Each structure stands twice: as structure tokens, then as C-alpha cells.
Amino acid sequence: MNHATYHSSAGADEHYFSLTSQPDRTFAAEAETLLTRYADISQGCGNTLTLRLHLSDIANQAAIIRPMLRHMDACISLIGQPPASGARLALEAWHLDGGRRTEGTHGLAFAFSPYTILPTAASEPNRQGSHGQTLDAFDCLQKNLDHLGGCVERDTVRTWLYCRDIDNNYAGLVEARNAWFARHGMTPDTHFIASTGIEGQQETPSALVGMDTLSILGLQRGQIAYMQAPDNLSATHHYGVAFERGTRITYGDRSAFYISGTASIDPGGRIVHPGNVALQTVRTVANIRALMERQGATLDDLKQAVVYLRDTADAPIVAAELAATPFANIPHIMLKAPVCRPGWLVEIEAIGISAQGDPRFSPLA
């Protein structure tokens with residue numbers, strides 16, 4: 001399955017797409033076929049807000065694919081994360097009906113009264129090292145939000161942090177994010193932001209950290225809830241990192257669930273089933289199920305997922321375990337992208353939509 005839709009009777013329909021290419025003789029041929037397929041199945045499915053492409057050799061392939069994307073009015077992100085299947089690229093996209101596209105010093109934004117959606121893709125860093133480049137990424141995000149009257153701590157609901165050589169560079173990323181959040185009033189007693197921190201390369205070899213984000217301006221007090229399942233997995237600050245397990249946004253006509261990168265972890269922050277990717281997959285799914293169920297939702301409400309593997313040889317094992325769960329019917333891609341701890345062999349992130357709205361708030365669009 002590569003397309004999931006949420007139909008709303010009061011607001012805009014949402015569409016999620018996840019596709020992986022079929023190996024071909026050249027990257028250009030593979031990319032053209034995949035983009036044609038995506039254009040065919042997404043025709044008539046509203047406006048493209050975000051388009052993220054995962055490439056097997058970003059240093060060489062980015063220059064080839066960018067001209068193919070020039071006609072697309074979307075926030076486009078290119079990440080060096082090879083598909084686990086041996087293909088050269090995979091695609092994920094988010095479409096939403098209606099809205100007004102604006103572009104300026106803030107970047108590309110979409111107005112859905114009373115909400116403004118600002119997705120951003122990784123920018124070129126100014127500083128050296130993963131610590132400095134993480135600070136660059138958050139400073140750049142705040143600058144974009146400044147132009148819209150927003151701020152990270154109030155309006156940013158999701159981040160994706162891509163770290164080159166994560167086993168060596170993740171510590172600097174974590175230290176910088178912790179420090180930036182603390183300076184802006186984000187602590188364990190307030191809140192953090194849902195996030196995935198995963199290995200991924202940028203087009204420029206000197207870029208050790210890149211960040212994609214999703215901010216939503218116009219949300220009222222009470223529309224944002226931070227997802228927890230303490231009987232299954234610990235809060236992240238227990239082991240020194242700063243992100244939420246997930247974020248729920250409640251609109252008048254639906255709820256959106258942004259599940260952070262989730263692995264086989266227990267309430268004490270320990271790795272469960274070391275060395276066993278099959279059982280780690282089972283535990284990861286159980287943790288995501290617990291996060292959803294604590295918010296009155298289920299795995300069947302998920303619309304899109306990304307599965308990250310440390311070793312592509314594990315792909316058939318993970319696929320077999322997921323086939324016995326609702327993930328079998330959720331559009332998803334599987335990528336080679338080591339997780340922040342070497343002992344975690346698999347990580348899954350997801351986005352869900354349910355009909356649990358609240359009439360106190362405006363519907364989405």
C-alpha cells in the first residue's frame with residue numbers, strides 16, 4: 001500500500017504517500033519512473049506540502065534529481081538514506097486540500113485559516129562540527145518563524161534531525177539541542193518537541209547535521225498534547241536527550257499524531273532484546289501501540305511510517321514481523337539508517353490521523 005487518505009466532513013482531506021523505486025540501469029531512469037508513478041497516484045489529491053526523497057548516493061544524485069523537481073510547489077527535502085531494498089531512492093509526501101501557498105523570507109508556508117503550516121528542509125550550516133551545526137539548524141528555524149510571528153517552543157510540533165556518522169557525531173547534536181532548548185525555556189517540566197534523530201547525509205559532505213521541521217502557527221492552548229506511555233517506555237530526559245515520544249494536535253474535525261522515532265526500549269530507558277531484530281521489531285510496534293492507545297487511538301489510525309534499519313540484511317526479518325501487524329496496511333518505506341544507539345537495530349516513526357476532534361477548535365482548513 002502506498003497511499004492513505006483521511007476524509008473529513010468538516011475540513012480538508014489529507015493524503016499520505018510512500019513509494020520506493022524499482023532498480024533500473026541508471027539513477028535518472030529510476031527517479032523518472034518513480035516520480036511519474038507518484039504524479040499518477042497523487043493526481044487530484046490537493047496541494048503538496050512536503051516531499052522528502054531518500055537517496056542512496058546523495059552526493060552524486062542530488063544534482064540529477066533537483067531539475068526533475070523544479071515544477072513542484074512544495075517543501076522538498078533530500079536525505080542520504082538508501083532504501084533497504086537495494087533501490088536507489090524512496091519517497092514520502094504529504095498532501096492537503098485547499099490552503100494558500102505563500103513564499104517569502106520565512107520560506108514556503110501554507111495558510112489554512114486560522115492555521116499556518118510552515119515545513120522547512122535542512123539548510124546549509126555555517127559552523128563546523130555536529131554541535132555547532134545543530135545550533136545553526138535551530139537558529140535558522142527560529143529566524144524563519146520570526147518572520148511569521150512564531151517561535152520554536154510554541155509552534156514547532158515535529159523535527160527530523162539527520163546526522164552523518166551518527167555513532168561519532170550524535171553526542172554533539174544532543175548537547176547542542178539540550179542547550180538550545182534550555183535557553184528557550186524547554187525543560188522536562190515544560191515540554192520538548194517530537195523528533196527523530198537518525199543517521200542521514202546532506203548533499204554537502206561537510207554538513208554533519210541537517211534538520212527538517214514542521215511548525216503549525218495559530219494553535220490554541222489545549223490543542224497540543226504530548227504523548228507518553230510510561231508503562232512501556234521511559235521519558236527521553238531519563239537518558240539525557242530532549243524530545244517528546246509523540247505529539248497530538250487536536251483540531252475541530254480530527255486529531256493528528258506525530259510519533260517520534262521509536263525503538264525497542266523499556267520504562268527504564270534500556271534496550272530490550274539486544275541483538276534480536278525480530279523481537280526488537282515486536283517491542284517497537286508494542287511501544288507505538290501504547291503511545292496511540294494512551295490517546296484513545298489505535299495503530300489502524302496510522303497513515304504513514306518510516307522504518308529505519310542499521311543493517312539491510314535484517315530487512316526481510318523486519319518485514320515479516322510487520323506483516324503480522326497493522327503496519328502491513330500502512331504506507332511505509334524501509335531505509336538503511338542507523339539509530340542513535342548501536343544496540344537498537346530498528347526504529348520506526350509514524351504519522352496518524354483520527355476522527356477525534358474537539359468542537360472548541362477550528363477544523364483543519
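On the principal axes of its Cα set, how long, how wide and how thick is the chain? Give whole Å, largest value first.
Sorted from largest, the Cα extents of the chain read 49, 47, 45 Å.
Stick to the Cα atoms of segment 30-98, pair each with every other, and give me the Kirkwood hydrodynamic radius in Å at one decimal.
Across segment 30-98, the inverse of the average 1/r is 12.5 Å.
Could you rank His95, His237 by how accessible they are, 1.4 Å probe, largest area first?
If we order His95, His237 from most to least accessible, we get His237, His95.
Once you have all Cα-Cα distances for segment 68-211, histogram them in 10 Å bins from zero and send the whole-percent values.
Over segment 68-211, the share of Cα pairs per 10 Å bin runs 10, 38, 36, 15, 1 percent.
Can you pull a Stokes-Einstein diffusion coefficient for segment 1-119 at 37 °C (0.692 mPa s), Rh from Kirkwood over Cα pairs, as a whole number of µm²/s?
Rounded to a whole number, D works out at 217 µm²/s.
Could you compute how much accessible surface Ile64 exposes when probed at 1.4 Å, giving the result in Å² to the nearest 10?
Its accessible surface works out to 70 Å², give or take rounding.
Taking only protein heavy atoms into account and a 1.4 Å probe, give the accessible area per residue of the chain in Å².
39
Give me the Kirkwood hydrodynamic radius of segment 71-134 in Å, from all C-alpha pairs, to one decimal place?
Result for segment 71-134, one decimal place: 14.7 Å.
Can you send over the carbon and sulfur percentage of the accessible area for segment 249-351, probe radius 1.4 Å, protein chains only?
53
List every residue whose amide H lies under 5 Å from the amide H of Gln304, counting only residues 5 or more places away in sequence or on a different chain, with H placed 1.01 Å from N in the peptide plane.
Result for Gln304 returns Ile351.
How high is the relative contact order of the chain? Use alpha-carbon pairs under 8 Å, at least six apart in sequence, and give a whole percent.
Relative contact order of the chain: 19 percent.
Return the ratio Rg/(2.2 N^0.38 Å) for segment 191-332, where Rg is computed over Cα atoms only.
The value comes to 1.10.
Please list Ser206, Ser260, Ser113 in order of solvent-accessible area, largest first, computed with a 1.4 Å probe with all protein chains present.
Ser113, Ser206, Ser260
Working from the pairwise distances between different alpha carbons, so that the mean of 1/r is found and then inverted, what is segment 178-234's Kirkwood radius in Å?
Its Kirkwood hydrodynamic radius stands at 14.7 Å.
Please give the FRET efficiency for Ile41 paired with Asp73, using the beta carbon to beta carbon distance and R0 = 25 Å, rounded to the nearest 0.05.
Working from the Cβ atoms, E equals 0.85.
How large is ³J(HN,Hα) for each residue in segment 308-325, as worked out from phi by the Karplus curve 6.51 cos²θ - 1.76 cosθ + 1.60 (θ = phi - 60°), to whole Hz, x for Gly and Pro?
Values per residue, Gly and Pro as x: 10, 10, 6, 10, 5, 5, 7, 4, x, 5, 5, 4, 5, 5, 5, 4, 8, 10 Hz.
Using only the alpha-carbon atoms of segment 253-342 as identical scatterers, what base-10 log of I(q)/I(0) does the Debye formula give at q = 0.18, 0.25 Å⁻¹?
-0.82, -1.54
If I take R0 = 41 Å and measure r between the Cβ atoms of Ala179 and Ser9 in this structure, what FRET efficiency does the formula 1/(1 + (r/R0)^6) give, to the nearest 0.05?
So the FRET efficiency works out to roughly 0.35.
Amide H of Thr196: which non-local residues (sequence gap of 5 or more, or other chain) have their own amide H closer than 5 Å, using H built in the peptide plane?
Close amide H contacts, sequence-distant or interchain: Thr159, Trp160, Leu161, Gly261.
To the nearest 0.05, what FRET efficiency results for Ala59 and Arg360 with a Förster distance of 51 Å applied to their C-beta separation?
0.55
For the chain, with only Lys/Arg (+1) and Asp/Glu (-1) charged at the beta-carbon, what is the dipole magnitude about the Cα centre, in debye rounded to 20?
It comes to approximately 300 debye.
The values are calculated or read from the model by the stated rules, or taken from the named source; none is laboratory data. Predicted model, so just to flag it, every value in this text is computed and none were measured. For neighbour counting, all protein chains shown are included, and Cβ atoms are generated from backbone atoms with ideal geometry for every residue, glycine included. Each accessible area value is taken on the protein alone, full model and side chains, heavy atoms only, with ligands, DNA and RNA left out. Shrake-Rupley method; radii C 1.70, N 1.55, O 1.52, S 1.80 Å.
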